[in-house]
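I have placed the structure first, in the form of structure tokens, so that the comments after it can refer back to it.
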Amino acid sequence: MTCAELEILLCDYMDGALRVEERAALEAHLAGCTSCSELAKDVAGVTAFIEKVAPAEPPAELLTRILHELPTAQAAVKRSWWRSLFGGWVHSILQPRYVMGMAMTVLSFSMIAKFAHIEPRQLRPSDLDPVKIWASIDDRTHRAWDRAVKYYENMRLVIEIQSRVKEWNDQEQAQNSATRSGRQADSGKQKAESSGQKPEAGTQKTR
Amino acid sequence: MATVAIPAAKWNWVPPYRMVRAADSLDADSQLVERCLTGQDAAWEDLVKLHTRRVYSICYRFTNSDAEAQDLTQDVFMRVFKNLKSFRSGEGLFVVWLTRLTRNLLIDHYRRTRMDRATESIEDQVKVLEETATPLSRTDRMLAGREASEILQGALQKLSPELRETVILRDIEEMEYREIAQVLNVPEGTVKSRLNRGRAELARILRRHKVQI
């Protein structure tokens, strides 16, 4: 047996797991090899020393700490299962802020529908005809638009603003026309002056 | 009329190799794991109670720090809670899976704290070992288990991580060579070779500090 072979078998020798003939060969090598004998002695000594070592006992509070973390970890496991099934977007939708926003949107649409006199009723198979759906949507859109326009035009504030704007426009037009007529009169005078006739002389002559 | 003898073995149904292996390895831990996966809180508690000592012991022997060992043990079980589904009872023992998880976390921790350890004075480490060793060097028989534990801790820190983890798993945790090989992902021959080198190195360290072995 060589030293390298002994090193391979040394662990099993220490465990008492070698066959009789292997053990005999190994012990014969140990008797004649100083370095292997020292190695075996060291290994045996350390193994015996470690056997005397007291086990490292965890403090009692460690168990409590780990068990305290257990619900958090279980929640994480359940959340990861949920996420793997539905993806991360479901989690973001279930945020209270998003849910409140959705609720407000639904409320707004229901109020608009109420205002536009869109009454909910039982759905019939004929309602699913695309042409009918399109015609209905088109009709309702126009009706809703007309109602909205009519409501807007009948608002007191809108009427006041429109009448005020109309007054301003009229005033502006009147001012523009007055200015234009004034300019025409001025240009007539200038033409008369440029032709060499003094109006005062003319008047004197006429007198 | 000639009769044909049918070999009896032909009628004996032999289960496939994988099925036999799975049945053998379906130990108590695997059943506990199955209960955990069905969401039984009591099973989780039992699992923690059953394995905390082993995980803490490996962490403490490796890091030589009670606080670090406690934190690492907690981290290990947090990972167990999150990754228990990845454990397949047919592919090995739960203890091996748990020890591998612990070992990987320890190696991560070792690499992360390498710089911190480098700044520590080597003289300080030697001093700690000598302080624990000196009063105990009178005779081997006077070494109490706790004192021997402290001396071993000091000596283990002198070993390289590869030798240290092998010695801890075999000599302290008393795992099989096959299991250690699975944990460390190396052949059994390498485990035995590391064990011999680790033990011999430990013997030299202990002798150097006048501890009789």
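FYI, it's all coordinate maths here, none of it is from the lab. Every value quoted in this text rests on a predicted model; they were computed, and no experiment measured them. So basically every Cβ, Gly included, is an ideal-geometry build from the backbone, and we count neighbours across all protein chains shown.
When B:R197, B:R170 are arranged by Cβ crowding within 10 Å, least crowded first, meaning fewest neighbours, the order is B:R197, B:R170. Listing A:D42, A:D170 from fewest to most neighbouring C-beta atoms within 10 Å gives A:D170, A:D42. Using 32 Å as the Cα-Cα cut-off, could you pick out the over-long pairs in A:K41/B:K158; A:K166/A:K191; A:K52/B:K49? Correct reply: A:K166/A:K191.
Please work out whether region B:31-90 counts as rounded, prolate or oblate from its C-alpha gyration tensor, where a ≥ b ≥ c are the square roots of the eigenvalues and a/c under 1.5 means rounded, while otherwise a/b larger than b/c means prolate and anything else oblate? Here region B:31-90 falls in the prolate category. Can you list the aspartates and glutamates whose alpha carbon sits under 16 Å from that of B:K82, skipping same-chain ones fewer than 8 residues off? List returned: A:E69, B:E34, B:D41, B:E45. Put in order of Cβ neighbour count within 10 Å, fewest first, the listed residues B:R112, A:R65 become B:R112, A:R65.
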